[in-house]
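Just so it is clear, none of the values below were taken in a lab; they were calculated from the coordinates. Given the structure is predicted, the values throughout are model-derived calculations rather than measurements. In this analysis, Cβ positions are derived from the backbone assuming ideal geometry, glycine residues included, and neighbour counts consider all displayed protein chains.
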Amino acid sequence: MSIIGTKCHKGTSTIMGTLIFVGIIFTAFIPMMLVMKQADTIYDMRKHELARFDEERDIENLYVYVHETVTNPLELTIEVENKGDLSAKVVSLWINDDFFDLNQLIPPMTGIKNLGSFNVIREIGMEYIVMVTTDRGKIFVFDIPITWTINGWETPIVSIEILIEHLQGSGEFKIDITGPECREAMTQKNELRCFTFTLPGAYTVKIFRGSQLLHTETKTLDFQNKPLWRVFA
Amino acid sequence: MKTERLKKKAISPVISALILTATVLSIGGGIWFYSQGAMTITSEDYAESMINMTETISERFIIEHVYYKYVDSVPELHVFVYNYGTVDIEVRAEVKGKTYPDAEDEWIEIPSKVMIPFPTIDLETTPLSKEELNIKIYTRRDNNVYYRYQVP
């Protein structure tokens, strides 16, 4: 009788101990693990979001163009072209140390967009560097310094940038530039080539593959208004 | 004699059962409450540290522009910092081994998506023309960016 009773008591304690253990597992351990797992998940999600954000920032690609304003030759007209795949928002503009607050969305593949005409303090002989910043924190600079002279805004060089993106065929393409100065070069698809010239005037760009003429364009470049010409073929 | 002894012990199994149960309940309950408290604190600490870590990796900022000029014969460095991340940041600057602002516990707060001019940095010594100044901006969460500025 006493043997059966002892077993019974031991069983009760074991069951209670087990219940307490299960209780601890369900009310303390599992919630703790869930909270930790949730924190880990939030961290991982944020990491992925940031990786995507950084990638988007990397592929942002704006071209900045600067020339004197036609209606007011004292001012500078700033234009940008979004050559990337994503919309970019221009939030600030610097012309040397002068800051201009902007908020302009530049959708991709919509051509050149005018950011406006800007008046800066001018000093004869001073070089002006123009740069824009996007809301993703990327800075784009106009490649050519522009100088204020007694004749107005001028650049020391004219330049032609050529990018072959859409022409059919692969392998090497031949670039032939004729005008006041001439250049010849070989290039490949998606390779940006830049040519600078000290003489303004009418330039013709011809692109060949083998002996076949694929693309031709002509433009007059001058120091004041059109110092930079970008050819996309 | 034996029967008499058994009869005397008749009540003790009940008492022992009660004592055993009470012991199991009190010790088990104590462990239960302790472990609940400990695990709550542990999970809260862990979650908080993960949130801090998330904020640390979320910081994104650049030195957008730097220029240098004399004001009343004192060389001043102007630094513009843009916080393009999603969290607010607190920053200090280090130029030529000296940190700014001067007060060690003072931090400059920059809200998310805002560009602010850092308080003017008065350089103790006049930098030479073409001298390179390495400007470091660091946050309270220990992220930093560098900018190399050449004095005109």
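Things worth noting here:
- With 32 Å as the limit on Cα-Cα distance, the pairs of A:Lys89/B:Lys136; A:Lys83/A:Lys206; A:Lys89/A:Lys189; A:Lys37/B:Lys98 that go past it are A:Lys37/B:Lys98.
- Amide H within-cut-off set for A:Leu214, under 5 Å, with H built and near neighbours excluded: A:Ile207, A:Phe208, A:Arg209
- Simple label model, 7 Å out from Cα along Cβ direction - A:Asp222 to A:Lys47, nm: 5.9
- Here's the picture: charge each Lys and Arg Cβ at +1 and each Asp and Glu Cβ at -1 in the protein assembly as shown, and of A:Ile139, A:Met32, A:Ile42 the one pushed furthest to the positive end of that dipole is A:Met32.
- Peptide A:95-102 has a mean of 2 when you count, residue by residue, the C-beta atoms of other protein chains within 10 Å of its C-beta.
- Cα centre as origin, Lys/Arg/Asp/Glu Cβ charges: the stretch B:60-150 dipole, Debye: 460
- Per residue of peptide B:41-49, the mean number of Cβ atoms on other chains within 10 Å of the residue Cβ is 4.
- Considering only alpha-carbon pairs that sit under 8 angstrom and 6 or more positions apart, the relative contact order computed for the stretch B:1-128 is 19 percent.
- In this label model, A:Ile121 and A:Glu191 are separated by 4.6 nm, measuring between points 7 Å along each Cα→Cβ vector.
- Sites A:Ala202 and A:Leu86, calculated FRET efficiency, Cβ-Cβ separation with R0 51 Å, nearest 0.05: 0.90
- Estimated dipole of the protein assembly as shown in Debye, rounded to 20 [Cβ of Lys and Arg +1, of Asp and Glu -1, Cα centre]: 3120
- Farthest toward the positive end of the dipole of the stretch B:77-149, out of B:Trp107, B:Val145, B:Val95, is the Cα of B:Val145, where the dipole comes from beta carbon charges about the Cα centre.
- Percentage, to the nearest whole number, of Cα pairs in chain A over 34 Å apart: 42
- Phi angles of the stretch B:53-69 translate, via the Karplus equation with coefficients 6.51, -1.76, 1.60 and θ = phi - 60°, into HN-Hα couplings of 5, 4, 5, 5, 6, 7, 5, 9, 7, 9, 8, 7, 7, 9, 9, 9, 7 Hz per residue; Gly and Pro are given as x.
- Derived scalar couplings between HN and Hα for the stretch A:127-140 equal 8, 10, 10, 10, 9, 10, 10, 9, 5, 8, x, 10, 10, 10 Hz in order, rounded to whole Hz, by the Karplus curve 6.51 cos²θ - 1.76 cosθ + 1.60 (θ = phi - 60°), x for Gly and Pro.
- In chain A, taking the dipole from charged Cβ atoms about the Cα centre, the farthest positive-side position among A:Trp148, A:Leu199, A:Ala51 is held by A:Ala51.
- Average partner coverage of A:48-54, which counts Cβ from other chains inside 10 Å: 2
- Modelled this way, with points 7 Å down the Cα-to-C-beta line, the labels at B:Glu106 and B:Phe33 are 5.1 nm from one another.
- When chain B is treated as a Gaussian network with alpha carbon springs shorter than 10 Å, the biggest mean-square fluctuation among B:Met53, B:Met115, B:Met39 belongs to B:Met39.
- Under Karplus coefficients 6.51, -1.76 and 1.60, residue-wise ³J(HN,Hα) of the stretch B:147-152 in Hz, glycine/proline x: 9, 9, 10, 9, 5, x
- Candidates B:Ala17, B:Ala38, B:Ala103, ranked by Gaussian network fluctuation over chain B, Cα under 10 Å, top entry: B:Ala17
- Computed E for A:Thr14/B:Val14 - FRET, C-beta separation, R0 22 angstrom, nearest 0.05: 0.75
- Considering only A:Arg46, A:Arg209, A:Arg183, the mean-square fluctuation computed in a Gaussian network model of chain A, springs between alpha carbons under 10 angstrom, is largest for A:Arg46.
- Computed magnitude of the charge dipole of chain B (debye, nearest 20; Cβ of K, R +1, Cβ of D, E -1): 1720
- Where a label projected 7 Å from the Cα of A:Thr149 along Cα→Cβ would reach, residues of the stretch A:173-206 with amide N under 20 Å: A:180-181, A:196-203
- Coil-residue chymotrypsin sites (Phe, Trp or Tyr not before Pro) of the stretch B:45-134, DSSP, other Cβ within 10 Å capped at 16: B:Trp107
- In chain B, the sites counted are GluC sites (Glu not before Pro) in DSSP loop states with at most 14 other Cβ atoms within 10 Å, and the longest stretch holding none of them, exclusive of the sites, is B:1-103.
- Over the stretch A:60-209, Cα pairs under 8 Å with separation of 6+ residues give a relative contact order of 18 percent.
- Computed from the C-beta positions of B:Arg140 and A:Arg183, the FRET efficiency with R₀ = 35 Å rounds to 0.10.
- Spread of Cα-to-Cα distances over 10 Å intervals beginning at zero, given as percent, for the stretch A:157-233: 20, 55, 22, 3
- Annotation: amide H-H contacts under 5 Å for A:Lys89 (H modelled 1.01 Å from N, sequence separation of 5 or more, or interchain): A:Ile106, A:Asp135, A:Arg136.
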